[in-house]
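Scroll down for the structure; my scribbles are underneath it.
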Amino acid sequence: MSDLKIAIILGSTRPGRNGKAVADWVLAKASERSGAQYELVDLADYPLPHLDEVMPPSVGQYQNAHTLAWAEKIAGYDGFIFVTPEYNHSTSAVLKNAIDYLYAEWNNKAAGFVSYGSLGGARAIEHLRGVASELQIAHVRQQLSFSLFHDFENFSEFNPGPQHEESAKVLFDQLEAWATALKPVRQAA
């Protein structure tokens with residue numbers, strides 16, 4: 001098994017959320033691979049209030065216990081898969097808030113995106129790509145977008161189509177390659 005560590009960050013905390021099933025599916029597919037160790041990080045387990053640090057995250061002077069715990073969790077990963085719903089043409093507020101809490105812990109790491117929504121969540125991913133670029137996260141081209149109309153029964157039971165299998169493999173391949181390539185960059189810094 002590789003020493004590469006990748007977090008699958010579940011970016012929804014809503015009761016009855018569809019994201020848990022999506023994140024579990026991603027984790028199950030990732031667990032079949034040997035190129036990295038994948039772990040689910042559920043934002044419901046990290047209840048961060050609206051950003052409440054006095055100093056900007058780029059300064060790296062975190063003061064609050066919840067920020068320090070979140071920073072410690074994220075710092076240990078080489079890459080990320082962000083699983084996001086699409087709310088109002090964007091990502092969830094809880095995911096954006098969790099990302100905004102930190103800076104250096106995201107830098108020079110790789111990310112992939114998985115979304116779900118009425119249009120597959122594509123607009124949420126587009127917003128996250130801009131955020132990731134600002135945080136010096138190298139995001140891969142391949143993404144997974146699940147439609148509430150085609151990949152969920154009754155808009156709540158996750159049943160993805162078989163076409164997503166190959167797309168997931170490509171996403172994992174790209175993400176593991178980029179996460180591996182960026183490791184020496186972080187070690188040199």
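The values are calculated or read from the model by the stated rules, or taken from the named source; none is laboratory data. What you see is a predicted model; the values in this text were computed from it and never measured. As a convention, Cβ positions derive from the backbone with ideal geometry for all residues, glycine included, and neighbour counts pool all protein chains shown. Accessible surface areas use protein heavy atoms only, side chains included; no ligands, DNA or RNA. Shrake-Rupley method; radii C 1.70, N 1.55, O 1.52, S 1.80 Å.
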- request: Starting from the range 51-65, take each residue that is exposed (fewer than 11 other Cβ atoms within 10 Å of the Cβ) and list its partners that are acidic (Asp, Glu), counting only C-beta distances under 7 angstrom and pairs at least six apart or across chains.
  value: Gln63/Glu53
query: From the list Leu68, Leu102, Leu135, which one is under 18 Å from Ala189 (Cα atoms), open to solvent by 10 Å² or more (accessible area, probe 1.4 Å) and at pLDDT 95 or above?
result: Leu135
task: May I ask you to list the residues in the range 76-96 that are outside any loop (DSSP other than H, G, I, E, B), buried (at least 24 other Cβ atoms within 10 Å of the Cβ) and of a type in the set (Ser, Thr, Tyr)?
output: Thr84
query: How many residues, within the range 139-185, are open to solvent by 40 Å² or more (accessible area, probe 1.4 Å), of a type in the set (Val, Ile, Thr) and within 16 Å of Ile6 (Cα to Cα)?
result: 2
- request: Identify, by number, the condition in (1) free of Cβ contacts under 8 Å to residues at least 24 places away in the same chain; (2) closer than 23 Å to Glu105 by Cβ; (3) in contact with a Leu (Cβ under 8 Å, 6 or more places away or on another chain) that Gly35 doesn't meet.
  value: (1)
field: Positions within the range 3-34 being over 14 Å from Thr84 (Cα atoms) and open to solvent by 30 Å² or more (accessible area, probe 1.4 Å), in sequence order
entry: Asp3, Lys5, Pro15, Gly16, Leu27, Ala28, Lys29, Ser31, Glu32, Arg33, Ser34
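Table: residues versus (1) farther than 21 Å from Asp78 by Cα; (2) modelled with pLDDT of 95 or more; (3) under 14 Å from the mean Cα position of the chain (by Cα).
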| site | (1), (2), (3) |
| --- | --- |
| Ala111 | no, yes, yes |
| Phe158 | yes, yes, no |
| Leu171 | no, yes, yes |
| Ala188 | no, no, no |
